[in-house]
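Each remark here refers to the structure printed beneath this line.
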Amino acid sequence: MKTADLLPIEHNERLNAVVMLSWKILQTRFTQGRHRIPTEAPFQHYFGHILSIIGESFCMSREDKFVVDLEERILDIKDKSKFIDIVCGFQNSNTYCAIELKFKKKSQGAQDFGRIDSYVDIEAVELAIEKKKYAMGFFFIITDSTAYVNPSKIGVGTIFPMHDGASVAAGSFTAIHCKGREGVVVTLRDSYSFGWEKSGDWYFMCVPIKKTEPNKAVEPTTIHVTNRAPSSTLRAMYGRGSL
């Protein structure tokens, strides 16, 4: 006799399932036209609404309470206040998830800014997890611009890569010679792999962000972006997928 295939009992597993199912619903509703998303604001609104409904459906006991907050303010993220796009979770067990979102259309241009800002968001979620003891985090992006999806040969896209199949190690990344983002430094505490999905003209990516190990050291790797072609050493590293 088979054991009943029930939903996860542990809140961490259940929260992860809520987020991933909600993401799939959001993707489908967007591509099928139910949700019109011209900017990031409706992306946040619709995703938060879906999370609320699915999270409530995943409440298994009378004690379970699933909550969703938009623009959750967290103090002292790199000496500033940071508003996380969505924080959701099971309030009764203090099991929460931090989510940052990006919606980028090719008509907007400024893909270099978009790449750097995406890394800033991932870093912010890492710091929010550490500061608030959240169980997990995610970064989600939707775009119709192939500039994010395809590898770059020079410039910002080689230093802040997020193309399909890209991998980055923990370390620090510094943007210089990128007008409007000069001096932005991002320090990632974990390594990441980037994988995109496509439906029609749209590309989607989910980047899970987990708790880092206590006192985990970050490799002191600092890379500077320029608009010149990369050196032969850097080209070799890119070819191996090291950055």
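Every number here is computed from the coordinates shown, using simple stated rules; none is lab data. Just so we're clear, the structure is a prediction, and the values are computed from it rather than from any experiment. Because the Cβ atoms are built from the backbone with ideal geometry, glycine has one as well, and the counts that use them run over all protein chains shown.
Quick notes on this structure:
- FRET E, pair residue 76, residue 4, Förster distance 51 Å, beta-carbon r, rounded to 0.05: 0.65
- The range 157-195 and the range 1-73 have Cα centres separated by 29 Å.
- Placed amide H near residue 35: partners under 5 Å, 5+ positions off or other chain: 30
- Overall, the anisotropy analysis places the range 6-59 in the prolate class: the square-rooted eigenvalues a ≥ b ≥ c of its C-alpha gyration tensor yield a/c not less than 1.5, with a/b exceeding b/c.
- For the residue pairs 82/104; 106/133; 65/198; 104/210, the C-alpha atoms sit more than 32 angstrom apart in 106/133; 65/198.
- Other-chain or far-sequence residues with amide H under 5 Å of residue 59's (modelled H): none
- For the range 12-27, the Karplus equation 6.51 cos²θ - 1.76 cosθ + 1.60, evaluated at θ = phi - 60°, returns couplings of 4, 5, 5, 5, 4, 5, 4, 5, 5, 5, 4, 4, 5, 5, 4, 4 Hz by residue, with Gly and Pro reported as x.
- Cα gyration tensor category, rounded, prolate or oblate, for the range 1-111 with a/c compared to 1.5: oblate
- Estimated vicinal HN-Hα couplings, Hz - the range 34-51 in sequence order (Karplus 6.51, -1.76, 1.60; Gly, Pro = x): 5, 9, 8, 10, x, 9, 5, 4, x, 4, 4, 4, 5, 5, x, 5, 5, 4
- Residue 196 long-range amide H proximity, modeled H, under 5 Å: 165
- Residues of the range 1-39 with amide N under 13 Å of a point placed 7 Å along Cα→Cβ from residue 64: 6-19
- Antiparallel bridge percentage (DSSP; both residues within the range 87-155; nearest 5): 35
- Applied to the range 68-76, the Karplus parametrisation 6.51 cos²θ - 1.76 cosθ + 1.60 on θ = phi - 60° returns per-residue 3J(HN,Hα) values of 10, 10, 9, 6, 6, 7, 10, 7, 6 Hz, with x for Gly and Pro.
- This ranking places 97, 206 by how few other beta-carbon atoms lie within 10 Å of each, fewest first, which gives 206, 97.
- Annotation: for a label point projected 7 angstrom from Cα along Cα→Cβ of residue 12, residues of the range 129-150 with backbone N closer than 11 Å are 135-136.
- Segment residue 169-residue 40, extension gain: residue separation times 0.36 nm, minus the distance between their alpha carbons: 43.6 nm
- The chain, relative contact order [Cα under 8 Å, separation at least 6], %: 16
- Proxy reagent accessibility, fewest Cβ within 10 Å first, across 67, 184: 67, 184
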